[in-house]
Amino acid sequence: MADKARIVIVGGGVAGIEVATSLGRGGGADVILADRSLSHVWKPMLHTFAAGTAQADRQKVDFFAQARRNSFRFQPGALTGIDRAAKRVKLMIEAAEGRPEVDLAYDLLVIAIGSRANDFGTPGVAEHCLTIDDLTEAEHFHDQLRCHLLARLDRGGMLEIAIVGGGATGVELAAELKHAINLLSAYGSPDLPQRLRLTLIESGPRLLAAFPERVSRAAARTLSDLGVAVRTGAMVTAADASGFTLKDGSRIPAGLKVWAAGVKAPDVLAGLDGLERSRTGQLVVGPDLRATRDPAIIALGDCASLADPQTDKPVPATAQAARQQAQHLARHLGGALASGGTVATELPPFRYVEKGAIVSLADFNGWGTLGRYTFGGGRLRGLSARLTHDLLYRQHQIGLYGPVRGTLAWLLDDLDHLISPPVKLD
Ligand SMILES: Cc1cc2nc3c(=O)[nH]c(=O)nc-3n(C[C@H](O)[C@H](O)[C@H](O)COP(=O)(O)OP(=O)(O)OC[C@H]3O[C@@H](n4cnc5c(N)ncnc54)[C@H](O)[C@@H]3O)c2cc1C
């Protein structure tokens, strides 16, 4: 019997871990998942870890354990290069002593390494701003928040935080921080909410540009009512240790500065052996998700650039699109492998199904869109949008753990709310 096909998946985020789990369970290929980190988290939760309103330890999925349970191999390592002629992918184990390099042979390489915020080279941002693009950064932000809070616990003084980027990440982070500070005020510092000066800066004319105008207006109103200073049409031209400078010369003072604007692919993709890239650095793929210049390479999720053939617009960089691509690949590749096909088998074209967008403003409000229909808004009606937001994560969790363990994990989270404080205090 011929050897099984070797499928290497680099990046175990929303898309990569779902593909590895599904192909591993199918058993038709030798599957290796590589990631720079040792555990997976659902990226749309990062702002809650940053604010401290969710505990990352409870939500992490250990890659080694996931691999063992689902019959694939996990290889720690950050992507450093590819030798396309020899079909080998190179990784560096950043966390290991001496940062050793490994290289793995593949028949099919799946790249799913996500994206990062884009500072467009704005002076001072790299040195002075925090980002929350992965768990390490979200936890670092939380450490910094705690340092600033502890310094003001007894001596008073304002806590000034500014967030750049009025998309879903910036809006959700602003609301979550407000929620966290309200919760923290119950633990010995009742005037904390009055001492928070939180500013959300957006260069475009409105927040949440991907949503209908009605949602943008309502989100801006909710944030303003919560005391967040919303600055739209405000272009940041520089950042320094004490705040941001805007194009009109005005200043926004801030001790804690977060850059949550723009999307770009990780820099490592620039050095990948002649593959076609988009303006923002993503790997350009055809409708079957294969790289335009190499059929042995597939790119998924935020790091892939694919035009939706029905609308000619790019498929958005969202968890929803990443999951759909992962499920499409797992279904068709898994089917081909099971029936004795090889990885050279044609894959049917991927069709993105826009199932609407959801934005959740902590416990305060939430909205969703389904085609032309918008739901949510208001503390009670916003609950439906917030529950739908949570449901997306629970579906992902059940996909990874299976229905019994996935439901148990969900239940344990709910029970944990009865025991642990509602906000991280240590
Ligand atoms: C705060 C926040 C809130 C969000 N909220 C929403 C939301 O409400 N709804 C929604 O649809 N989307 C949301 N998004 C966007 C969503 O998280 C992404 O679109 C989605 O995670 C993309 O999935 P992915 O698999 O492409 O990449 P990711 O999920 O980002 O996974 C990338 C993986 O690659 C690994 N990796 C990175 N670089 C390397 C390397 N060089 N070598 C090896 N491994 C590497 C990472 O460790 C990670 O495991 C949010 C994003 C953020 C930051």
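The values are calculated or read from the model by the stated rules, or taken from the named source; none is laboratory data. Just so you know, these numbers come straight off a predicted model, no measurement behind them. Using ideal geometry, Cβ is built from the backbone for each residue, glycine included, and neighbour counts are taken over all protein chains shown. Accessible surface is based on the protein model in full, side chains and every heavy atom, while ligands, DNA and RNA are left aside. Shrake-Rupley method; radii C 1.70, N 1.55, O 1.52, S 1.80 Å.
Couple of notes before you dig in:
- Only one of ALA219, ALA241, ALA175, ALA210 that is within 16 Å of the ligand (Cβ to nearest atom) and open to solvent by 40 Å² or more (accessible area, probe 1.4 Å): ALA210
- Restricting attention to the range 134-172, the residues being within 16 Å of ARG197 (Cα to Cα), open to solvent by 60 Å² or more (accessible area, probe 1.4 Å) and within 16 Å of the ligand (Cβ to nearest atom) number 0.
- Answer residue from the range 319-341, given it is assigned to a helix (DSSP H, G or I) and open to solvent by 50 Å² or more (accessible area, probe 1.4 Å) and is nearest to GLY11 (Cα to Cα) among those: GLN327
- Within the range 298-318, considering residues that are in a strand (DSSP E or B) and within 16 Å of the ligand (Cβ to nearest atom), the one modelled with the lowest pLDDT: PRO314
- So ARG73, is it of a type in the set (Lys, Arg) and either touching an Asp or Glu at 6+ places or on another chain (Cβ under 6 Å) or surrounded by 16 or more Cβ atoms within 10 Å (Cβ to Cβ) (or both): yes
- The residue pairs whose first member lies in the range 4-30 and is within 15 Å of the ligand (Cβ to nearest atom), whose second member is in a helix (DSSP H, G or I) and of a type in the set (Val, Ile, Thr), and whose beta carbons are closer than 7 Å, counting only pairs six or more residues apart or on different chains, are ILE9/VAL19.
- Put simply, of VAL263, VAL230 the only residue that is touching a Leu at 6+ places or on another chain (Cβ under 6 Å), touching a residue at least 24 places away in the same chain (Cβ under 8 Å) and surrounded by 17 or more Cβ atoms within 10 Å (Cβ to Cβ) is VAL230.
- Residue in the range 23-40 that is closer than 22 Å to ARG116 by Cα and of a type in the set (Val, Ile, Thr) present: no
- Looking across the range 337-353, just one residue is under 30 Å from the mean Cα position of the chain (by Cα) and free of Cβ contacts under 8 Å to residues at least 40 places away in the same chain, and that is VAL353.
- Candidates in the range 32-48 are the residues that are open to solvent by 10 Å² or more (accessible area, probe 1.4 Å) and more than 9 Å from the ligand (Cβ to nearest atom); of these, the one that is farthest from PRO76 (Cα to Cα) is ILE32.
- Selected residue (criterion: least open to solvent (accessible area, probe 1.4 Å)) from residues of the range 389-411 that are of a type in the set (A, V, I, L, M) and in contact with a helix residue (DSSP H, G or I) (Cβ under 7 Å, 6 or more places away or on another chain): LEU400
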